[in-house]
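Okay, so here's the structure we're looking at.
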Amino acid sequence: MELLYFVLAAHGLTQILVYGSIFDKVRPTDGWIGKLLSCPMCTGFWVGVFLFGINGFTELFNFEYNIANLLILGCLSSATSYALNVVIS
């Protein structure tokens, strides 16, 4: 169940960062940050890394802090955010 919560939180945060109109005025469109924030796969990876970093502060999911989990959860977040984006869009 923790993994499902992680995937849903990652997808939701990725969607908000990439497509949320609330960020239209502050979201960069040029340079590498602009490219990063326009791609759900790229943003999804970093959202996964962020959620992994804060997982000790939530009761929704709890993963052991190590480099392997960081990379795996970043990749999982990237893949599921992109897949759900394709399916929903």
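Could you grab me the full set of residues in segment 64-85 that are open to solvent by 30 Å² or more (accessible area, probe 1.4 Å), within 15 Å of the chain's Cα centre (by Cα) and not polar (S, T, N, Q)? The answer is Leu70, Leu71, Ile72, Cys75, Leu76, Ala79, Tyr82, Ala83, Leu84. The residue list Phe52, Phe6, Phe61 contains one member that is at negative phi, open to solvent by less than 90 Å² (accessible area, probe 1.4 Å), at pLDDT below 95 and among the aromatic types (Phe, Trp, Tyr), which is Phe61. Counting residues that are touching a residue at least 24 places away in the same chain (Cβ under 8 Å), which helices (runs of 4 or more DSSP H) fully inside the chain reach at least 1? Qualifying helices (runs of 4 or more DSSP H): 2-19, 40-53, 67-88.
In segment 9-43, the residue that is nearest to Phe63 (Cα to Cα) out of those that are surrounded by fewer than 18 Cβ atoms within 10 Å (Cβ to Cβ) and of a type in the set (Val, Ile, Thr) is Ile16.
The values are calculated or read from the model by the stated rules, or taken from the named source; none is laboratory data. Quick caveat, the model's predicted, so the values are computed rather than measured. Ideal geometry is used to build each Cβ from the backbone, glycine not excepted, and the neighbour counts take in all protein chains shown. These accessible areas exclude ligands, DNA and RNA; they are computed on the full protein's heavy atoms, side chains included. Shrake-Rupley method; radii C 1.70, N 1.55, O 1.52, S 1.80 Å.
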